[in-house]
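Since every read-out is calculated from the coordinates, none of them should be taken as a lab result. No experiment lies behind these values; they were computed from the predicted model shown. All Cβ positions, even for glycine, are placed from backbone atoms using ideal geometry, and neighbour counts span all protein chains on display.
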Amino acid sequence: MGLAWQGTLLAIQPRIRLTRSFDERSHTYLGYVLRLDGTIGDRRGEFLVGIGSVTQARHRFRAGDVVQGESVPVADPRTEPVDFYKTARLKLLARGPEVSPSPPPPWLGIPPELPIYRERGHRRLDSKTYESRCRACLWGCRMPVDMIIDPWKPAAEVRYRFETFCYGPKACALYRPGPTRKVPGRKGMTWEEADWVDKDATAHRAADE
């Protein structure tokens, strides 16, 4: 049985896991992250709850909504961007405002379906910028990263970390890329993900898209 919780939705972002194997990467689309301010169990404050894409399609949550449900703590915090998942008994208690009190950024409202994120592609986002300016934006994403050190022996050694990304308009005034990411490999090798990777991933979008 999960922990009962209730809170006001501060943000909703995509819940995506990134797997790296030296210069290759792939994504697993898990659903959405609900950032809530409220209570879970006997704890009061902010907490992160994971839900699936079908659940989000049914409820169409957005920032400002008051929501309740039951969830369990994640089994391995290294592989999830949330504190709690396997959510049940989910209920929308009150709908938040349809219009943001100020123009974007950040972008609020109902986030798009996960295939839209996949189609848009992302750019790396400085972690400090994410924490200070982008935690409420529906285009921001904090991903758990599994790094396979030896692709010939994928289960032998896996390292973990978190990386932040932006799926939003390339012209966003708040955007900061931060330093390039380095990926460890076998025999002490390191691959650096250069700027061209981000440019290639978002080349099909105009600056304001």
### Query
To the nearest µm²/s, what D does Stokes-Einstein give for segment 65-209 at 25 °C and 0.890 mPa s, using the Kirkwood radius over alpha carbon pairs as Rh?
139
#### Entry: Relative contact order (percent, whole number), segment 66-209, Cα cutoff 8 Å, 6+ residue spacing
22
### Extension gain, ALA57 back to ASP42 (0.36 nm per residue minus Cα-Cα distance, nm)
2.4 nm
### Message
Taking 20 °C and 1.002 mPa s as the conditions, I'd like the Stokes-Einstein D for segment 1-75 in µm²/s, using the Kirkwood hydrodynamic radius from alpha carbon pairs.
### Response
160
### Query
What translational D, rounded to a whole number of µm²/s, comes out for segment 83-130 from Stokes-Einstein when the hydrodynamic radius is the Kirkwood one over Cα pairs, at 20 °C and 1.002 mPa s?
147
### Task
Classify segment 45-111 as rounded, prolate or oblate from the Cα gyration tensor: take a ≥ b ≥ c as the square roots of its eigenvalues, call it rounded if a/c is under 1.5, otherwise prolate when a/b beats b/c and oblate if not.
prolate
## Note on the structure
Close lysine pairs (the chain; alpha-carbon distance under 22 Å; 8 or more apart or on separate chains) counted at 7
### Query
So which trypsin sites (Lys or Arg not before Pro) in segment 29-70 are both in a DSSP loop and have at most 15 other Cβ atoms within 10 Å of their Cβ?
ARG60
## Note on the structure
Taking a ≥ b ≥ c as the square roots of the Cα gyration tensor eigenvalues, with a/c under 1.5 meaning rounded and otherwise prolate when a/b beats b/c or oblate if not, segment 27-145 comes out rounded
### Query
Within segment 167-209, what residues put their amide N at less than 13 Å from the label point 7 Å along the Cα-to-Cβ vector of LYS128?
176-179
#### Entry: Cα lying deepest toward the dipole's positive end in the chain, options PRO115, LEU10, HIS27, charges on Cβ
LEU10
### Query
For segment 203-209, what does the Karplus curve 6.51 cos²θ - 1.76 cosθ + 1.60, with θ = phi - 60°, yield as ³J(HN,Hα) per residue in whole Hz, taken in order and with x for Gly and Pro?
5, 7, 9, 6, 4, 9, 9
### Task
Within the set of other residues whose C-beta is less than 9 Å from the C-beta of THR19, count the net charge using Lys and Arg as +1 and Asp and Glu as -1.
+1
